[in-house]
Amino acid sequence: MAYVATRGGEKAIEQAERLFRQDLGTIDAARVETIKQTMPYLIDRVMGEASLYSEELAALALAQTGGELSEAVLVLRAWRTTQPRIAIARPVQQDEILTQRRISAAFKDIPGGQILGPTLDYSHRVLATNVLEGKPYAPPAVEAATKPAPSRQPSLADWQRQQGLVAPANASDVAPEDIPDLTREPLLFPASRAHRLQSLARAETGGVLALGYSAMRGYGNAHPTVNELRLGEAEVVVRHPRGTEFSAGRVRVSQAEVTSKEKGGFLELGFAATFGWNEVKVIAAATLDLNSAEAPVGSPVHEEFYLYHTESVEASGFCIHFKLPHYVTFQSILDAMRDAKAKKAAAEQKPAETRQTEPAE
Amino acid sequence: MTLSSLTKPWAATSYGFLDASAKRELRRKMLKAIAVPGCQMPYASREVPMARGWGTGGLQVTLTLVNPTSTVKVIDQGADDGVNAASIRRFISRVSGASETWDTLAASIVQSRHRVPEEVMREDQILVLQVPNPEPLRGVEPNISIARQMHADADYGKLWLTLYEQIVRKGRIMQGAAYPSMVNGRHVMTPSPIPRWDVPKLNMAKHLTFLSAGREKRLFAVPPFTRVEPLVFSDRPYRVEDHADLTCRRSGVSGYFMNELPIDGGGSAFEVSDSNLGIKAIQQSEGAAIEVGKTWYRNGEFSA
Amino acid sequence: MLTVAPPDALELRSNATFEALMWALSRPGDSREMPESGLAAIAETLVDLECTVFADDPALRSEIAATGALVAEDISQVDHVFLSSLEGTEVQLATLRCGSALYPDDGATLVANVRHGVGHRVRLSGPGVDGTLELTLGISPGFWAMRAMLCAYPEGFDMLLVDGRSVIGIPRSTLVEVL
């Protein structure tokens, strides 16, 4: 029964998983709560890539995977698969968002004002090593402005449309339930704009940055100017089966509009939005969106190229699948290679007899 | 209508993991895949609790088919005890209550990566092949929109040219596994990275085959009694791997696809790739009452 | 970490119905048994809010609407058609969706009550048929002529013909000769 002795696979995988989980120790609600409280930007990133808005579940996913980001996103997406879709939220307009931060690089000042909000942009990136020497870092308190900024801010693009700088918005009269949903239908090309923006919204941050950056460096034909960058909170307004609309809660959102040059008498806008606050991702994604229109097939700013290659779960999964055994395919290649070498050796010994003289069909 | 009529009582996971709407989408696409053999049907491909590229496409098809009376065999590279095969089989039985088996003859569903079992599959059996890259034209046309148009036009000239160039340069077609094959005389498909040895088993077979790529979101099918013809030139016949004369060092069977194992001091040893066929041969030689089914190859020759 | 409930009645019924439909289309002309007679179980197995459906039977129409599917009157808009009879439907079905060479999956699925074993004799060949197969179906030669006009493979529509609990599948890949 020698063959059966190889039946170690099931035990081995069980123990390998235990090793991983043992290193992480017991996961309790307190650990999940700590992650949720202390890592909001990490939670945001994971929720965006998972396309599932739940700080608690995202924190649990991070706890369970020890912060292995692609695993955390996968476990959330898989959980999402098991959940029914029970309602379709009303589309969110820019000027309805409870805005914490909203800036434009295109103008020195904009209607509604430049609202810096929470950012490390102008901070000195110094590691607070004192903390490790027993001196906790307590951030200085924020001084309230004498005149608080309004909680809702107009859309800059709307002002630009009034000025004739940006093409009039092509409001398409699509019923919410008819908006294509990437998670329930396959991405086909050319992609609908809804699918493109949904795919970017759940794309892997690093991947979007890499390809967006390639566009910024010159592999695209449009260099972005940040027309408007906005971090805020959006109400999720759904309709009760009896007809009443109500807010089921608020989600943190980021959105970016970038522009570069005029086309047909108007400034072109690239757009991106995602769950959570993730500025790098939306600026890079909006840059890809802006560059797509005239992108050559096969370039990093062509939508088929960047949408496929920034899909976090697919990219990471395929990458790690190369760890799986491939000895059958390898054997098949070896067989062809050996035969070709034998043929070549034979041909070199007796060239006249084996060389093909007539073309194959 | 109320909110509660739209949803179901809370359950940690649906039966068979996939929710009802995911299953219905797969069912619709599986029927279309049968209706147009070898044609890649796009589907949404939900995330499942396994990484993409690890059999998620095959898994979604199996989870749609499975019920508590199913018996499931899962193999990777021909082996039932490969770590990923074991993991997938355990997951399927956990979420469905289906029975597990290593025996091709006992299975109602065989999910496989890179092999078709050596024992002939029956007309009540389903083979689910995991597919990493569903596009046979990827090597000649990486853009899927253009490749799709080529399928629509039955424009396979570039693929034929590649095969021809290999003959000119190397004296033979160098394609190893995943040999492109014409299905029902219309669509070229990849049979998934099965060795050339296994492709004839799909031609005019009795069983139903689904091929599903979860990451690439495409599924296709080969119904029973459907022509699957490897692309070859009339004066260069199709050649399977040269394994007909190899003998398994453990079970003693010969004339089947083998795994090559390098041995110290040079040279190679061989073990039969369909591991449960080897196990059954050993058990039979030890006097156990074990049924070994009819095999597609006999004495190293294909004879369906 | 994972607890899974056993399948409920709907899950079991849909699973078994699908198995019958799958084998019916895989082996054109072969009859398969479904767990329940009629078209409603097929609708429940295949159709939901992603679908646009035509049904001539008012009761079935309201059951389909309850799944969230869009119930439409225009045959050319729908992906699934449910008919209580195929008689005299040639003109009505002339605009049935047949997909495109690019997306053959856009071709419709036609589900209809059709008597098995009575009517006109046909000979089937093509994928799923071992050689040829002859059978008798309650479908007029005029219908088959209309089908031959519409189905330019790989474009076409796929048929599930229901008689009580039995279902016979005729996919677009099947060549049908009226004898």
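The values are calculated or read from the model by the stated rules, or taken from the named source; none is laboratory data. These numbers were taken from a predicted model, which means no experiment stands behind them. Neighbour counts run over all protein chains shown; Cβ positions are idealised from the backbone, glycine included.
Restricting the stretch B:80-92 to residues that are within 8 Å of another protein chain (Cβ to nearest Cβ) and not acidic (Asp, Glu), the residue that is farthest from A:TRP79 (Cα to Cα) is B:GLY82. Could you please let me know if C:LEU25 is within 30 Å of B:GLY97 (Cα to Cα), part of a helix (DSSP H, G or I) and either within 8 Å of another protein chain (Cβ to nearest Cβ) or among the aliphatic types (A, V, I, L, M) (or both)? Judged against the criteria, C:LEU25 is a match.
Considering only the stretch B:150-180, state which residues are at the interface with chain A (Cβ under 8 Å from one of its Cβ atoms), touching a residue at least 40 places away in the same chain (Cβ under 8 Å) and under 22 Å from A:ALA347 (Cα atoms). Answer for the stretch B:150-180, where residues must be at the interface with chain A (Cβ under 8 Å from one of its Cβ atoms), touching a residue at least 40 places away in the same chain (Cβ under 8 Å) and under 22 Å from A:ALA347 (Cα atoms): B:TYR164, B:ILE167, B:ARG172, B:ILE173. I'd like to check something: does the stretch C:1-16 contain any residue that is within 7 Å of chain B (Cβ to nearest Cβ) and touching a residue at least 40 places away in the same chain (Cβ under 8 Å)? No, the conditions are met nowhere in the stretch C:1-16.
Identify, from the list A:ARG161, A:ARG184, A:ARG202, A:ARG152, the residue that is of a type in the set (D, E, K, R), touching a residue at least 40 places away in the same chain (Cβ under 8 Å) and more than 14 Å from chain B (Cβ to nearest Cβ). Selected residue: A:ARG152, the only one of A:ARG161, A:ARG184, A:ARG202, A:ARG152 that is of a type in the set (D, E, K, R), touching a residue at least 40 places away in the same chain (Cβ under 8 Å) and more than 14 Å from chain B (Cβ to nearest Cβ).
Would you be able to say whether some residue in the stretch B:161-177 is out of contact with any Cys (no Cβ under 6 Å at 6 or more places or on another chain), in a helix (DSSP H, G or I) and under 14 Å from B:GLN40 (Cβ atoms)?
Filtering the stretch B:161-177 for residues out of contact with any Cys (no Cβ under 6 Å at 6 or more places or on another chain) gives B:161-177.
Those still in the list that are in a helix (DSSP H, G or I) too: B:161-170.
Subset that is under 14 Å from B:GLN40 (Cβ atoms): none.
For the stretch B:161-177, residues out of contact with any Cys (no Cβ under 6 Å at 6 or more places or on another chain), in a helix (DSSP H, G or I) and under 14 Å from B:GLN40 (Cβ atoms): absent.
Conditions tested, residue by residue: (1) part of a loop (DSSP other than H, G, I, E, B); (2) hydrophobic (A, V, I, L, M, F, W, C); (3) surrounded by fewer than 22 Cβ atoms within 10 Å (Cβ to Cβ).
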| position | (1), (2), (3) |
| --- | --- |
| C:GLU44 | no, no, yes |
| C:PHE54 | no, yes, no |
| C:GLU73 | yes, no, yes |
| C:VAL81 | no, yes, no |
| C:SER100 | yes, no, yes |
| C:THR136 | no, no, yes |
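Exactly one condition in (1) within 26 Å of B:ARG24 (Cβ to Cβ); (2) hydrophobic (A, V, I, L, M, F, W, C); (3) within 14 Å of chain C (Cβ to nearest Cβ); (4) within 19 Å of the chain's Cα centre (by Cα) is false for B:ALA98; which is it? In the conditions (1) within 26 Å of B:ARG24 (Cβ to Cβ); (2) hydrophobic (A, V, I, L, M, F, W, C); (3) within 14 Å of chain C (Cβ to nearest Cβ); (4) within 19 Å of the chain's Cα centre (by Cα), B:ALA98 misses (4) alone.
Does the stretch A:231-239 contain any residue that is among the β-branched types (Val, Ile, Thr) and in a loop (DSSP other than H, G, I, E, B)? Steps first, please.
Kept after step one, since they are among the β-branched types (Val, Ile, Thr), are these residues of the stretch A:231-239: A:236-238.
Still in the running and in a loop (DSSP other than H, G, I, E, B): none.
Looking for residues that are among the β-branched types (Val, Ile, Thr) and in a loop (DSSP other than H, G, I, E, B), one finds none in the stretch A:231-239, hence no.
Here is a yes/no grid of residues against (1) crowded, with 23+ Cβ neighbours inside 10 Å; (2) assigned to a helix (DSSP H, G or I):
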{"position": "C:LEU10", "(1), (2)": "no, yes"}
{"position": "C:ASN15", "(1), (2)": "yes, yes"}
{"position": "C:PRO35", "(1), (2)": "no, no"}
{"position": "C:GLY38", "(1), (2)": "no, no"}
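Looking across the stretch A:310-324 at every residue that is within 7 Å of chain B (Cβ to nearest Cβ), among the aliphatic types (A, V, I, L, M) and assigned to a helix (DSSP H, G or I), the one that is nearest to A:TYR213 (Cα to Cα) is identified as A:VAL313.
The selection criterion, being within 14 Å of another protein chain (Cβ to nearest Cβ), out of contact with any Lys or Arg (no Cβ under 7 Å at 6 or more places or on another chain) and surrounded by fewer than 20 Cβ atoms within 10 Å (Cβ to Cβ), holds for C:ALA152. When restricted to residues that are assigned to a loop (DSSP other than H, G, I, E, B) and either among the aliphatic types (A, V, I, L, M) or crowded, with 24+ Cβ neighbours inside 10 Å (or both), the stretch C:159-171 contains 1. More than 14 Å from every other protein chain (Cβ to nearest Cβ), in contact with a Lys or Arg (Cβ under 8 Å, 6 or more places away or on another chain) and surrounded by 17 or more Cβ atoms within 10 Å (Cβ to Cβ): does that describe A:LEU197? No, not satisfied. Restricting the search to helices (runs of 4 or more DSSP H) fully inside the stretch B:6-99 and requiring at least 3 residues that are touching a residue at least 40 places away in the same chain (Cβ under 8 Å) and of a type in the set (S, T, N, Q) gives B:56-65. Only residues that are of a type outside the set (Asp, Glu) and surrounded by fewer than 19 Cβ atoms within 10 Å (Cβ to Cβ) were counted in the stretch B:121-149, giving 10. One residue is enough: does the stretch B:232-247 have a residue meeting the conditions of a type outside the set (Ser, Thr, Tyr), buried (at least 16 other Cβ atoms within 10 Å of the Cβ), under 30 Å from C:GLY169 (Cβ atoms) and not assigned by TED's automatic domain parsing to the domain that holds B:LYS29? No; the residues of the stretch B:232-247 include none that is of a type outside the set (Ser, Thr, Tyr), buried (at least 16 other Cβ atoms within 10 Å of the Cβ), under 30 Å from C:GLY169 (Cβ atoms) and not assigned by TED's automatic domain parsing to the domain that holds B:LYS29. Scanning the stretch B:52-78 for residues that are in contact with a Leu (Cβ under 6 Å, 6 or more places away or on another chain) and at the interface with another protein chain (Cβ under 9 Å from one of its Cβ atoms) turns up just one, B:THR64.
Here C:ILE168 passes the criteria (1) within 18 Å of the chain's Cα centre (by Cα); (2) within 21 Å of B:LEU208 (Cα to Cα); (3) within 13 Å of chain B (Cβ to nearest Cβ) except the one numbered (3). Does B:SER251 satisfy the condition of being surrounded by 15 or more Cβ atoms within 10 Å (Cβ to Cβ), within 14 Å of another protein chain (Cβ to nearest Cβ), within 20 Å of the chain's Cα centre (by Cα) and within 15 Å of B:GLY78 (Cβ to Cβ)? No, not satisfied.
Tally up the residues in the stretch A:51-97 that are away from chain B (no Cβ under 12 Å), surrounded by fewer than 21 Cβ atoms within 10 Å (Cβ to Cβ) and assigned to a loop (DSSP other than H, G, I, E, B), please. Of the residues in that region, 9 qualify. Just wondering, is there one or more residues in the stretch A:169-183 that are at negative phi, surrounded by 15 or more Cβ atoms within 10 Å (Cβ to Cβ) and over 25 Å from the mean Cα position of the chain (by Cα)? No: zero hits. Would you mind stating whether C:PHE143 is assigned to a helix (DSSP H, G or I), buried (at least 20 other Cβ atoms within 10 Å of the Cβ) and modelled with pLDDT of 95 or more? Here the answer is yes, as C:PHE143 does meet what is asked. Any chance the stretch A:234-254 includes a residue that's crowded, with 19+ Cβ neighbours inside 10 Å, in contact with a Leu (Cβ under 6 Å, 6 or more places away or on another chain), assigned by TED's automatic domain parsing to the domain that holds A:GLU311 and at pLDDT 95 or above? Among the residues of the stretch A:234-254, at least one is crowded, with 19+ Cβ neighbours inside 10 Å, in contact with a Leu (Cβ under 6 Å, 6 or more places away or on another chain), assigned by TED's automatic domain parsing to the domain that holds A:GLU311 and at pLDDT 95 or above, which makes the answer yes. Quick check on A:SER247: is it touching a His at 6+ places or on another chain (Cβ under 6 Å), among the hydroxyl-bearing types (Ser, Thr, Tyr) and over 23 Å from A:GLU49 (Cα atoms)? In short, no. Residues that are surrounded by 15 or more Cβ atoms within 10 Å (Cβ to Cβ) and more than 16 Å from the chain's Cα centre (by Cα) do not occur anywhere in the stretch A:202-209.
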